[in-house]
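Novice: Structure provided below as structure tokens; questions to follow.
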Amino acid sequence: MLKNYHADKEGYYGEFGGAFIPEMLYPNVEKLQEEYIKAMQEVSFQKEFQQLLQDYVGRPSPLYFAKRLSEKYNTKIYLKREDLNHTGAHKINNTIGQILLAKRLGKKRIIAETGAGQHGVATATVCALMGIQCVVFMGEVDIARQAPNVARMKMLGAEVIPAISGSKTLKDATNEAIRDWINHPEDTFYIIGSVVGPHPYPDMVARFQSVISEEIKRQLKKKEGTEDPDYIIACVGGGSNAAGAYFHYLENENVKLIAVEAAGKGIDTGESAATSVLGKEGIIHGSKTLLMQTDDGQIIEPYSISAGLDYPGVGPQHAYLQRTGRATFMNATDDEAMKAGLELCKLEGIIPAIESAHALAALDKMEFEKDDIVVLNLSGRGDKDLNTYIDYFGL
Ligand SMILES: *Cc1c(COP(=O)(O)O)cnc(C)c1O
């Protein structure tokens with residue numbers, strides 16, 4: 001029997017998922033649960049979504065055969081170029097989808113949380129595109145260390161509100177966003193940036209990102225005569241770029257799925273974000289999943305050199321893929337990722353986001369056959385990370 005790795009009606013993947021939310025949000029979330037699949041499947045919705053992906057985002061993103069990288073690892077490596085999307089990463093696929101849903105539900109105001117600012121920028125972008133008010137919550141510490149993205153959001157017309165509680169980072173920004181949502185359940189739509197949050201967000205975001213694997217199938221068929229690679233490799237913060245790259249392959253067990261988390265300074269150093277190794281079952285941001293927590297359930301502050309992977313949980317689908325063994329979870333340290341990022345610059349003339357560099361670092365830890373087909377999801381470009389590269393390499 002074919003196994004099912006998608007969400008069931010209540011938003012569960014095995015024991016993970018669900019919707020653990022304050023009662024005030026029930027009507028809002030239930031409406032979204034009832035509407036999202038129906039709305040997404042409407043012809044007029046799909047037409048507008050596909051048109052924007054093509055003309056505004058620049059899709060389909062190329063599937064690029066990386067010749068010199070392939071020679072180095074003695075196999076066939078393709079890069080799925082999400083780095084070439086408008087705003088520089090895969091996140092825009094999801095924010096376009098969600099803003100179209102928000103419009104359909106008659107919402108007048110958008111809120112979002114952001115850590116490094118990438119999801120905030122992608123949300124501010126689509127709000128400008130649609131002429132809808134945008135409020136982004138961001139930890140005060142992140143505001144200080146991600147000034148260029150704060151400026152981008154402001155230029156795009158968004159209001160950036162600092163989260164000043166707790167560690168003043170992503171999880172505090174998320175708490176502020178949820179608080180705002182509770183206070184404005186009628187007119188406000190919450191655009192979540194990864195496959196996390198209460199049902200239907202993990203499934204909804206995965207579906208919006210599934211354009212990635214849909215294109216890979218088509219593009220690989222043309223280039224290799226088969227839709228199916230041997231491996232798909234993607235980095236995992238919350239897990240949305242990986243979920244999109246896996247989506248149409250989940251039931252095809254011939255395609256091996258590799259998820260790469262950030263090990264920070266090392267798994268055992270206490271400065272890491274490798275949730276699948278260090279995490280235990282718990283509830284974060286409205287769903288049951290694996291998360292890094294103390295014995296009494298306090299969330300442990302994650303660490304990675306890459307702000308986009310610096311998240312204490314993973315989406316519930318990834319928790320399930322890990323638990324069932326459908327995906328193999330690996331991790332890369334800061335040092336391994338930075339080295340792999342620089343290697344891609346030198347071998348292919350592509351400066352990757354440091355998040356994506358974690359996926360690249362997995363290549364060195366794997367064994368390939370010469371004619372294996374490896375697809376690596378290059379989730380974003382490295383422009384935003386230039387200062388980190390400069391500091392790290394002393395450029
Ligand atoms: C945000 C981000 C990620 C991590 O988010 P996922 O939801 O795990 O995909 C990875 N790569 C880039 C470039 C990002 O901006």
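Novice: Which one is nearest to the ligand (Cβ to nearest atom), of the residues in region 365-380 that are in contact (Cβ under 8 Å) with a residue 40 or more places away in the chain and outside any loop (DSSP other than H, G, I, E, B)?
Specialist: Pass one, region 365-380, residues in contact (Cβ under 8 Å) with a residue 40 or more places away in the chain: 366, 368-380.
With outside any loop (DSSP other than H, G, I, E, B) added as a condition, the list becomes 373-378, 380.
Working: Ile373: 22, Val374: 18, Val375: 15, Leu376: 12, Asn377: 9, Leu378: 8, Gly380: 2 Å.
Step by step, filter region 365-380, then rank; the result is Gly380.
Novice: Can you tell me which residues in region 172-209 are farther than 25 Å from Gly14 by Cα and basic (Lys, Arg)?
Specialist: Arg179
Novice: Another question, if that's okay. Of all residues in region 376-387, which are at pLDDT 95 or above and touching a helix residue (DSSP H, G or I) at 6+ places or on another chain (Cβ under 6 Å)?
Specialist: Leu376, Asn377, Leu378, Ser379, Gly380, Arg381
Novice: Suppose we keep only residues that are of a type in the set (A, V, I, L, M) and in a helix (DSSP H, G or I) within region 236-267. Which one would you say is farthest from the ligand (Cβ to nearest atom)?
Specialist: Ile267
Novice: Among the candidates Leu129, Leu100, Leu105, which residue alone is among the aliphatic types (A, V, I, L, M) and crowded, with 17+ Cβ neighbours inside 10 Å?
Specialist: Leu100
Novice: Taking Ile192 as the residue in question, decide whether it is surrounded by 16 or more Cβ atoms within 10 Å (Cβ to Cβ), modelled with pLDDT of 95 or more and within 19 Å of Gly308 (Cβ to Cβ).
Specialist: For Ile192, the condition - surrounded by 16 or more Cβ atoms within 10 Å (Cβ to Cβ), modelled with pLDDT of 95 or more and within 19 Å of Gly308 (Cβ to Cβ) - is met.
Novice: Among the residues of region 349-362, how many are touching a residue at least 12 places away in the same chain (Cβ under 8 Å) and over 20 Å from the mean Cα position of the chain (by Cα)?
Specialist: Result for region 349-362: 1.
Novice: Considering only residues that are outside any helix (DSSP H, G or I) and touching a Pro at 6+ places or on another chain (Cβ under 8 Å), which ones fall in region 268-278?
Specialist: Ser272, Ala273
Novice: While we're looking at this one, here's another question. Of all residues being over 17 Å from Thr328 (Cβ atoms) and either surrounded by 24 or more Cβ atoms within 10 Å (Cβ to Cβ) or among the aromatic types (Phe, Trp, Tyr) (or both) in region 214-246, which is farthest from the chain's Cα centre (by Cα)? Just the residue, please.
Specialist: Here the residue is Ile216.
Novice: Name the one entry in Glu215, Glu227 that is touching a Lys or Arg at 6+ places or on another chain (Cβ under 6 Å) and either within 16 Å of the ligand (Cβ to nearest atom) or over 29 Å from Asn175 (Cα atoms) (or both).
Specialist: Glu227
Novice: Let me ask another. Being surrounded by fewer than 22 Cβ atoms within 10 Å (Cβ to Cβ), within 18 Å of Ile232 (Cα to Cα) and not aliphatic (A, V, I, L, M): is that true of Gly325 here?
Specialist: In short, yes.
Novice: Show the residue pairs that are 6+ apart or on different chains and have beta-carbon atoms under 9 Å apart, the first residue being within region 238-266 and farther than 20 Å from Arg81 by Cα, the second being among the basic types (Lys, Arg) and more than 10 Å from the ligand (Cβ to nearest atom).
Specialist: Final answer for the pair search is Leu250/Lys3; Leu250/Arg326; Glu251/Lys3; Glu253/Lys3; Glu253/Arg326.
Novice: Suppose the filter is within 14 Å of the ligand (Cβ to nearest atom) and out of contact with any His (no Cβ under 9 Å at 6 or more places or on another chain); does Leu79 pass it? So that I can check it myself, show each step before the final result.
Specialist: Working: within 14 Å of the ligand (Cβ to nearest atom): yes; out of contact with any His (no Cβ under 9 Å at 6 or more places or on another chain): yes.
Here the answer is yes, as Leu79 does meet what is asked.
Novice: Right, here's the next one. Looking only at region 318-364, which residues are part of a loop (DSSP other than H, G, I, E, B) and of a type in the set (A, V, I, L, M)? Give the steps one after another, and end with the answer.
Specialist: Of all residues in region 318-364, those part of a loop (DSSP other than H, G, I, E, B) come to 325-326, 349-351, 353.
Those that are part of a loop (DSSP other than H, G, I, E, B) and of a type in the set (A, V, I, L, M): Ile350, Ile351, Ala353.
Novice: Filtering region 345-364 down to residues that are within 16 Å of the ligand (Cβ to nearest atom) and of a type outside the set (A, V, I, L, M), which residue is surrounded by the most Cβ atoms within 10 Å (Cβ to Cβ)?
Specialist: His358
The values are calculated or read from the model by the stated rules, or taken from the named source; none is laboratory data. Computed from a prediction, not measured in an experiment: that's the story for all the values here. Because the Cβ atoms are built from the backbone with ideal geometry, glycine has one as well, and the counts that use them run over all protein chains shown.
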